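Taken together, the values in this text are just the output of simple stated rules run on the coordinates, not laboratory data. The structure presented is a predicted model; accordingly, all values stated were derived computationally and were not measured. In this analysis, Cβ positions are derived from the backbone assuming ideal geometry, glycine residues included, and neighbour counts consider all displayed protein chains.
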Amino acid sequence: MAAPKRGRSASAQSKPWRSLALILIAIVALTGGMFASGHSTPRLGIDLAGGTSITLRAVAQPGEESSINKTNMDTAVDIMNRRVNGLGVSEAEVQTQGSKNIIVNIPKGTNSDEARQQVGTTAKLYFRPVLATEASTGAATTSPSPSASGSASSSPSSSPSSKASASSSKTGSATPTATATSQGRAASDALKADASSSASPSASASATPSASSSAAASAAAAKLEAQYTALDCTKKASQNVGKNAKAEDATVACGQVSGVWYKYVLGPAAVDGTDVKKAAAVLNTTTAAGWQVTMDFTGKGGSKFATITGELAKNTAPQNEFGIVLDGQVVSSPSVSSSITGGSAEISGSFTQEEAQSLANMLSYGALPLTFKTDSVTTVTAALGGEQLHAGLIAGAIGLALVVIYLLIFYRGLSVIAIPSLLVSAILTYVIMALLGPGIGFALNLPAVCGAIVAIGITADSFIVFFERIRDEIREGRSLRPSVERAWPRARRTILVSDFVSFLAAAVLFIVTVGKVQGFAFTLGLTTVLDVVVVFLFTKPLMTILARRKFFSDGHKWSGIDPKALGAKPPLRRTRRPAGSAAGPVDPKEA
């Protein structure tokens, strides 16, 4: 029986080194991955790195006060969140506050102006036919008189200098060809006046209009012409002139392309933004068309889109264009040459990747169920965030120093095990946080720093539980090595139960809360899991190895496990056997 015992002992002696090797390999691998990714520091949240905080308030339209409800607010939050994420922002926070407000926090490093524009642009999205357009120079011009019904009887003489092809993306059938105007237009391509359109406005929706309806249409057309002539889109006050236009009415609007403002006359909305199922920016490498925007419509939306493109294809530029209007501004004005059927389409026009993604975001997430007003825009400076981070790091350093002092005073030599364990836990936490930034968009905010500080106490508590179990065994009169092995199972159960409770609390907190509190919960849960890993793969193996060293096994007074200082009982001895027992004579030394 002696040989198997020696075999088991040899196997047990090799396990501590294997565990230590495993965790050290993991640290080296994670650290190497961190530097290879190019993100050697954790990503900071808005409260530490600075950024922009936007407060939006829902405003009900007259007679639609009941539209401000939890369902519509949640839908708006979801749409805004996808809008911001569409810009590549992974730590932006979009959440409701009260029953009418939405808070949007955009961290530094993001194009906050573009994000603010897309998040704050909360009116509905419409596809409107273009009746007239030209560069807005600020000077009054003579322009055609568009019809209030949404069509025009004459064609302007302007023609965009460059064209880009677009087509229906439906497969398995004929693919009609369309064209989309290039995003840049020269002033020489501005719309020319055509007096005949002013004298003869097109008919209204009725096939045989009465004299009164014709007069009303003429009056509306004249009013629209006057607005268009006087419109100066270079003035900021005029840039949202079409914001409050009703879907069924013709309107004037502004749009900016490559830094140049254009003014438009637009007919009634033909397609609503809610008819767009999805849109995406794609890079077309097969036809060298570059970046394109693909659109998929709902069944009803596809039918409406086929109808409007079929009607527009009968006209010449610019009356073969439809304006994509968001919050009263034209964000794009593609033109068509034939009806686009199949419920899908592509828009191309010398887009950059950023332009294509921006337009795709607007098409996908442009239609919000409510109208919002920007109540406040607050900028958090990086200096303030740096002060908060500095204060948080000081608080963490103080907490760590107090724990180390406590370990040195009460556990003396055992602190040689506890302090490296804390260091290993800190390294793993830092490296994983740095990797989670580019991986899942995790950002270290101030509550997350607080969670890391709390984790110091949780990790130290696990060491203390283990050390006290060992001390209890030594007080019972056992030597150090058997005390370590006997103490570990009981300490292990206690540590696992304690960490499970902490992790469960962190998980519940993460699920039921929003915003920055989730950062605290996430960090607390992460460090709790790492505590189990460190205790099992580093602290226990290191304790097993050091228990074989004379300094600890002989119970040096500075070891922290001095039997005399702990008040240990005398070593356990065998009891005297009765005289004449079958076991044989009693050895006098056992008395």
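Got a sec? How would Thr352, Thr523, Thr55 order by Cβ neighbour count within 10 Å, fewest to most?
Thr352, Thr55, Thr523
Please work out the Cα convex hull volume for the stretch 262-347 and give it in Å³ per residue.
Measuring per residue, one finds 113 Å³ for the Cα hull of the stretch 262-347.
Going through the cross-link list Lys100/Lys278; Lys236/Lys277; Lys246/Lys300; Lys243/Lys373; Lys100/Lys300, which pairs have a Cα-Cα distance over 23 Å in this structure?
Pairs exceeding the cut-off: Lys100/Lys278; Lys236/Lys277; Lys100/Lys300.
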